[in-house]
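The structure appears right after this line, and notes come after that.
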């Protein structure tokens with residue numbers, strides 16, 4: 001059994017925080033795990049920034065509701081489901097991901113959880129583990145007879161990419177591609193699908 005594990009933001013949908021930066025006019029929100037590999041520091045930076053600008057979580061949800069998946073993303077997932085199982089593994093939160101999963105046809109989403117105060121401000125978050133993407137693919141592989149294929153675009157995707165039977169970068173920044181020349185990189189869904197299909201057929 002093969003399970004394809006995909007990152008969400010940057011692979012299937014636009015980056016939430018970059019969109020939020022554009023909508024609010026606050027460029028500091030544009031930093032993502034493409035720029036800042038330490039997710040914990042990045043999230044606390046965002047939490048402090050939201051408090052500074054008096055932005056509650058509802059403001060982020062309002063922006064997420066305007067985001068549409070990349071052209072071809074929903075069809076890509078649908079095609080993949082015909083040849084293997086598909087799981088979205090993201091550092092996002094359930095409340096962020098659900099509106100986007102609806103638009104993608106409700107694929108399975110492995111996510112983290114957000115912590116709010118009584119006023120609706122983000123004050124923290126709960127990780128499934130310290131290395132959520134790596135540990136998820138290891139857990140899947142431990143089930144017996146399960147192999148994973150992974151694809152993502154950021155530094156925090158590299159652990160699951162390298163832990164899997166095969167892994168790919170998809171629309172990753174040039175620096176990440178250059179830092180990881182041994183990882184095949186794709187820009188189009190059809191090309192990524194073909195690479196995954198070839199592995200599935202030869203499994």
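Of note:
- Positions within the range 97-115 being surrounded by 15 or more Cβ atoms within 10 Å (Cβ to Cβ) and either modelled with pLDDT under 90 or not in a helix (DSSP H, G or I) (or both), in sequence order: 104, 107, 109, 110, 111, 112, 114
- Taking the listed residues 178, 133, the one that is surrounded by 16 or more Cβ atoms within 10 Å (Cβ to Cβ) and either at pLDDT 90 or above or part of a helix (DSSP H, G or I) (or both) is 133, with no other qualifying.
- Checked against (1) in contact with a helix residue (DSSP H, G or I) (Cβ under 7 Å, 6 or more places away or on another chain); (2) in contact (Cβ under 8 Å) with a residue 12 or more places away in the chain, residue 21 passes all but condition (2).
- Restricting attention to the range 75-97, the residues that are in contact with a strand residue (DSSP E or B) (Cβ under 8 Å, 6 or more places away or on another chain) and free of Cβ contacts under 8 Å to residues at least 60 places away in the same chain total 3.
- Residues that are within 25 Å of residue 75 (Cα to Cα), free of Cβ contacts under 8 Å to residues at least 24 places away in the same chain and in contact with a helix residue (DSSP H, G or I) (Cβ under 7 Å, 6 or more places away or on another chain), drawn from the range 152-182: 167, 169
- Matching entry among 63, 11 (being part of a loop (DSSP other than H, G, I, E, B) and crowded, with 16+ Cβ neighbours inside 10 Å): 11
- Some residue of the range 18-40 being under 15 Å from the mean Cα position of the chain (by Cα) and within 22 Å of residue 119 (Cα to Cα): no
Residues are listed down the side, and each one gets a yes or a no for (1) over 19 Å from the mean Cα position of the chain (by Cα); (2) under 16 Å from residue 86 (Cα atoms); (3) at pLDDT 95 or above:
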residue: 128; (1), (2), (3): no, no, no
residue: 138; (1), (2), (3): no, yes, no
residue: 144; (1), (2), (3): yes, no, no
residue: 148; (1), (2), (3): no, yes, yes
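- Residue pairs meeting the criteria (Cβ under 7 Å; at least 6 apart or on separate chains; first without any contact (Cβ under 8 Å) to a residue 24 or more places away in the chain, in the range 1-17; second crowded, with 22+ Cβ neighbours inside 10 Å and not in a loop (DSSP other than H, G, I, E, B)): 15/9
- Residue match in the range 86-93 (condition: in contact with a helix residue (DSSP H, G or I) (Cβ under 7 Å, 6 or more places away or on another chain) and surrounded by fewer than 18 Cβ atoms within 10 Å (Cβ to Cβ)): no
- Number of residues in the range 22-50 that are touching a strand residue (DSSP E or B) at 6+ places or on another chain (Cβ under 8 Å) and farther than 30 Å from residue 179 by Cα equals 1.
The values are calculated or read from the model by the stated rules, or taken from the named source; none is laboratory data. For clarity, every value in this text was computed on a predicted model and none was experimentally measured. Ideal geometry is used to build each Cβ from the backbone, glycine not excepted, and the neighbour counts take in all protein chains shown.
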